[in-house]
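Quick note: the coordinates plus some simple rules give every number you see, no bench work behind them. Being a predicted model, the structure only gives us computed values, none of them experimental. Here the Cβ is made from the backbone with ideal geometry for all residues, glycine too, and neighbour counts use every protein chain on show.
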Amino acid sequence: MAKLAVVATIKTAAGKRTEYPKHLNAHALRCRAAEPGTLAFEILVPQEEADTVMLYEVYASREAFDAHLTGASIQQMRHDSAGLQVSLNGVRCNLTE
């Protein structure tokens, strides 16, 4: 099975960028611990784009990513960060090996 990477850009509510990554960090820790197919989950804060957070995630397969999207951690993340996120745009990528 081919690995799947996701590069996502999240726009946060004005002035909430420092609060939002706290929830993402907890989510990333849960994913790495409880989702065997989550191989990488990195949180990036652009230096020159206010109210923007980016993610770089790698999954063992498409099925692992689908399990991530329906898993308990992402549900918890949505609950914990309610009202902090304005938009999320992701690009799914194949990894070359």
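Taking the numbered list (1) charged (D, E, K, R); (2) in contact (Cβ under 8 Å) with a residue 60 or more places away in the chain; (3) within 23 Å of LYS22 (Cα to Cα) in turn, ARG92 passes all entries but (3).
Any residue at all in segment 24-36 that is touching a helix residue (DSSP H, G or I) at 6+ places or on another chain (Cβ under 9 Å), surrounded by 11 or more Cβ atoms within 10 Å (Cβ to Cβ), among the basic types (Lys, Arg) and at negative phi? Yes, because at least one residue in segment 24-36 is touching a helix residue (DSSP H, G or I) at 6+ places or on another chain (Cβ under 9 Å), surrounded by 11 or more Cβ atoms within 10 Å (Cβ to Cβ), among the basic types (Lys, Arg) and at negative phi.
When every residue of segment 30-41 is checked against the conditions, none turns out to be aromatic (Phe, Trp, Tyr), touching a strand residue (DSSP E or B) at 6+ places or on another chain (Cβ under 6 Å) and more than 24 Å from CYS93 (Cα to Cα).
Of all residue pairs spaced 6 or more apart or on separate chains, those with beta-carbon atoms under 7 Å, a first member in segment 29-54 that is under 18 Å from ALA67 (Cα atoms) and a second member that is assigned to a helix (DSSP H, G or I) and among the basic types (Lys, Arg) are THR38/ARG32; PHE41/ARG32.
Which of the residues belonging to segment 44-56 are surrounded by 12 or more Cβ atoms within 10 Å (Cβ to Cβ) and either among the polar types (S, T, N, Q) or out of contact with any Gly (no Cβ under 9 Å at 6 or more places or on another chain) (or both)? Answer for segment 44-56, where residues must be surrounded by 12 or more Cβ atoms within 10 Å (Cβ to Cβ) and either among the polar types (S, T, N, Q) or out of contact with any Gly (no Cβ under 9 Å at 6 or more places or on another chain) (or both): LEU44, VAL45, PRO46, GLU49, THR52, VAL53, MET54, TYR56.
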